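Reading through the structure tokens given below for one structure.
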Amino acid sequence: MAERMSNREGLRGMANPARYGLERVAYWLQRLSGLGLLAYLIGHIYETSSIVNGKVAWDKMLELTQTTQGHLILTLVIGMCVFHTANGIRVMLGHGGIGVGKPGQPEYPYDKSQRSATGSLNYKQRLCIWVSIALAALAMMYGMAVLFGD
Amino acid sequence: MAVETISKTPEVSVPISSNSIILRISRFNSKTDSSPTFAEFKVPVQKWTTVLEAILFVKQNLDHSVAVRYSCRQASCGSCGMQINGKPSLACYTKISELNSNVVTVEPMHNFPIIRDLAVDFKQMFATHKKMKPYIVREDSEVTPGTKEFLQTPEDVEKYLQFSYCIKCGLCNSSCPTMATDTSFIGPQGLAQAYRYVADNRDDGKKERLKIIDQSHGIWRCHFAGSCSHVCPKGVDPAMAIQLLRGYLLGFRK
Ligand code: SF4
Ligand code: FES
């Protein structure tokens with residue numbers, strides 16, 4: 001018999017944030033910001049390790065970060081860091097069963113409204129996601145003001 | 001997917017009115033095809049026509065070879081889960097009119113092997129479900145002489161009732177981002193069922209079940225994306241069950 005098509009969505013499906021509401025968008029942002037911060041951490045270690053090559057090498061490396069592109073990357077890092085932390089706290093509490101709602105009797109027509117009211121898709125979760133996004137945006141604006149200001 | 005399109009119009013006398021839609025059905029035979037194609041059919045619909053009825057119209061009048069699994073036609077058996085216009089849904093529980101589109105595309109559920117066309121293989125999900133010990137585990141029984149009924153208060157029942165509504169349709173597994181990449185993940189369906197029995201105060205199998213789910217492709221792979229709860233057609237809320245279950249392993253719950 002021919003090999004059955006597994007029909008797994010794969011990475012593309014995992015990374016598609018468009019279909020399952022705000023919670024899936026938060027999941028996507030959390031993963032993306034996690035990867036971004038990992039990349040930054042590696043870059044940061046590379047950057048700071050230039051000090052072992054003496055002051056000239058270190059200054060040269062610092063100059064690289066003092067460009068517009070460097071500032072934009074740092075602004076993005078600030079946003080990723082704040083979102084990942086704030087949303088991470090929500091997810092960690094949720095993982096312990098905190099703030100995920102209370103079981104009850106499902107009511108016909110079993111649509112999403114009940115899960116949004118008393119279940120795991122509740123407004124507190126959604127509010128925390130929006131707050132995380134807002135905090136990240138605010139931190140980025142502040143970061144930009146500091147980095148690009150005189 | 002979808003490279004070749006086969007279009008069919010009815011040969012029988014079918015009233016083609018303004019109330020007709022184009023139904024695009026994904027066709028794939030695991031024995032003969034290398035990739036799926038779409039076949040398009042013009043189907044007359046009423047306000048109340050469900051996606052399953054539209055597919056059955058095609059089977060009866062246009063192409064009887066379309067493979068689809070169904071039984072109850074009333075969202076109870078869990079057979080007819082599929083991707084309807086890109087969203088995992090039950091075909092018998094989705095009205096064409098609520099899709100607000102003249103083109104309805106049906107594809108097999110993601111994350112399940114395709115048997116043919118819209119019918120997918122549930123073997124792995126059923127095996128995982130069975131592994132969760134989906135029954136009350138305890139030494140005595142209600143039917144042993146000398147024992148009596150296991151009484152529960154309404155509050156006791158409410159702790160697990162929601163999760164016992166699961167019809168094993170697999171829609172939650174097909175929407176889960178971890179399921180999309182991890183072939184061995186237990187999945188929201190199985191984990192929600194583990195919680196259903198762990199939360200039942202007649203059950204003594206908590207320790208065994210927690211051991212089964214506390215493994216590398218187990219509960220820790222859930223990242224609380226909530227997609228399972230978005231698509232569940234029975235209000236089960238697997239995402240809540242999984243987080244409450246994890247609470248036991250993390251010591252937040254006793
Ligand atoms: S939890 Fe909901 S979506 Fe998942 S199998 Fe059960 S009924 Fe279907
Ligand atoms: S046919 Fe039974 S759930 Fe749809």
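The values are calculated or read from the model by the stated rules, or taken from the named source; none is laboratory data. None of the values given here were measured: they were computed from a predicted structure. Note that each Cβ is placed from the backbone with ideal geometry, even for glycine, and that neighbours are counted across all protein chains shown. Only protein heavy atoms, including side chains, enter the accessible area calculation; ligands, DNA and RNA are left aside. Shrake-Rupley method; radii C 1.70, N 1.55, O 1.52, S 1.80 Å.
In this structure, A:ALA136 does satisfy being more than 20 Å from B:VAL236 (Cβ to Cβ), more than 11 Å from chain B (Cβ to nearest Cβ) and buried (at least 16 other Cβ atoms within 10 Å of the Cβ).
Considering segment B:1-61, the qualifying strands (runs of 3 or more DSSP E), each wholly inside and each with 1 or more residues that are modelled with pLDDT of 90 or more, run over B:20-27, B:37-44. Among the residues making up segment B:45-56, those that are away from chain A (no Cβ under 14 Å), open to solvent by less than 40 Å² (accessible area, probe 1.4 Å) and more than 8 Å from ligand 2 (Cβ to nearest atom) are B:VAL45, B:THR49, B:VAL51, B:ALA54, B:ILE55, B:LEU56.
Conditions tested, residue by residue: (1) closer than 28 Å to B:ALA119 by Cβ; (2) at the interface with chain B (Cβ under 10 Å from one of its Cβ atoms).
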site: A:ARG19; (1), (2): yes, yes
site: A:GLU23; (1), (2): no, yes
site: A:ALA26; (1), (2): no, yes
site: A:ALA39; (1), (2): no, no
site: A:GLY43; (1), (2): no, no
site: A:VAL52; (1), (2): no, no
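Going by what's in this entry, would B:PRO154 be described as modelled with pLDDT under 95 and away from ligand 1 (no atom under 16 Å from the Cβ)? For B:PRO154, the condition - modelled with pLDDT under 95 and away from ligand 1 (no atom under 16 Å from the Cβ) - is not met.
For first residues located in segment B:193-205 and assigned by TED's automatic domain parsing to the domain that holds B:GLN152, partners that are within 16 Å of ligand 2 (Cβ to nearest atom) and open to solvent by 20 Å² or more (accessible area, probe 1.4 Å) and lie 6+ apart or on another chain with Cβ distances below 9 Å form the pairs B:GLN193/B:CYS166; B:GLN193/B:LYS168; B:ARG196/B:CYS166. Looking only at residues of segment B:240-254 that are facing chain A (nearest Cβ under 7 Å) and in a helix (DSSP H, G or I), we find that the one that is most open to solvent (accessible area, probe 1.4 Å) is B:LEU250. Annotation note: Cβ proximity below 9 Å between a residue of segment B:225-254 that is among the small types (Gly, Ala, Ser) and a residue that is within 16 Å of ligand 2 (Cβ to nearest atom) and part of a helix (DSSP H, G or I) (sequence gap 6+ or interchain) occurs for B:SER227/B:CYS172; B:SER229/B:CYS172; B:GLY235/B:TYR165; B:ALA239/B:CYS172.
For segment B:125-134, a residue qualifies if it is within 14 Å of chain A (Cβ to nearest Cβ) and either among the small types (Gly, Ala, Ser) or more than 27 Å from A:LEU11 (Cα to Cα) (or both), but none of them does. Of the set (1) at the interface with chain B (Cβ under 8 Å from one of its Cβ atoms); (2) closer than 26 Å to B:GLY251 by Cα, all apply to A:GLN114 but (2).
Among the conditions (1) surrounded by fewer than 14 Cβ atoms within 10 Å (Cβ to Cβ); (2) more than 16 Å from ligand 1 (Cβ to nearest atom); (3) of a type in the set (A, V, I, L, M, F, W, C), the only one that B:ALA127 does not satisfy is (2).
Segment B:135-225 holds helices (runs of 4 or more DSSP H) entirely within its bounds, and those carrying 2 or more residues that are more than 14 Å from chain A (Cβ to nearest Cβ), open to solvent by less than 50 Å² (accessible area, probe 1.4 Å) and more than 23 Å from A:GLU107 (Cα to Cα) map to B:206-213. Scanning segment B:65-99 for residues that are away from ligand 1 (no atom under 12 Å from the Cβ) and farther than 13 Å from B:THR50 by Cβ yields a total of 9.
Each row is one residue, and each column tells you yes or no for (1) surrounded by fewer than 19 Cβ atoms within 10 Å (Cβ to Cβ); (2) under 28 Å from B:MET240 (Cβ atoms); (3) out of contact with any helix residue (DSSP H, G or I) (no Cβ under 6 Å at 6 or more places or on another chain).
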{"position": "A:SER33", "(1), (2), (3)": "no, yes, no"}
{"position": "A:TYR46", "(1), (2), (3)": "yes, no, yes"}
{"position": "A:SER49", "(1), (2), (3)": "yes, no, yes"}
{"position": "A:LYS60", "(1), (2), (3)": "yes, no, yes"}
{"position": "A:THR65", "(1), (2), (3)": "yes, no, yes"}
{"position": "A:LEU76", "(1), (2), (3)": "yes, no, yes"}
{"position": "A:GLY88", "(1), (2), (3)": "yes, yes, yes"}
{"position": "A:GLY94", "(1), (2), (3)": "no, yes, no"}
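Take B:MET109 and decide whether it is within 15 Å of ligand 1 (Cβ to nearest atom), in a loop (DSSP other than H, G, I, E, B), surrounded by 21 or more Cβ atoms within 10 Å (Cβ to Cβ) and touching a residue at least 12 places away in the same chain (Cβ under 8 Å). For B:MET109, the condition - within 15 Å of ligand 1 (Cβ to nearest atom), in a loop (DSSP other than H, G, I, E, B), surrounded by 21 or more Cβ atoms within 10 Å (Cβ to Cβ) and touching a residue at least 12 places away in the same chain (Cβ under 8 Å) - is met. Note on segment B:58-84: among residues that are open to solvent by less than 10 Å² (accessible area, probe 1.4 Å) and of a type outside the set (A, V, I, L, M, F, W, C), the one that is farthest from ligand 2 (Cβ to nearest atom) is B:GLN83. If you go through segment B:27-44 and keep only what is under 13 Å from B:ASP63 (Cα atoms) and within 14 Å of chain A (Cβ to nearest Cβ), you end up with just B:ARG27.
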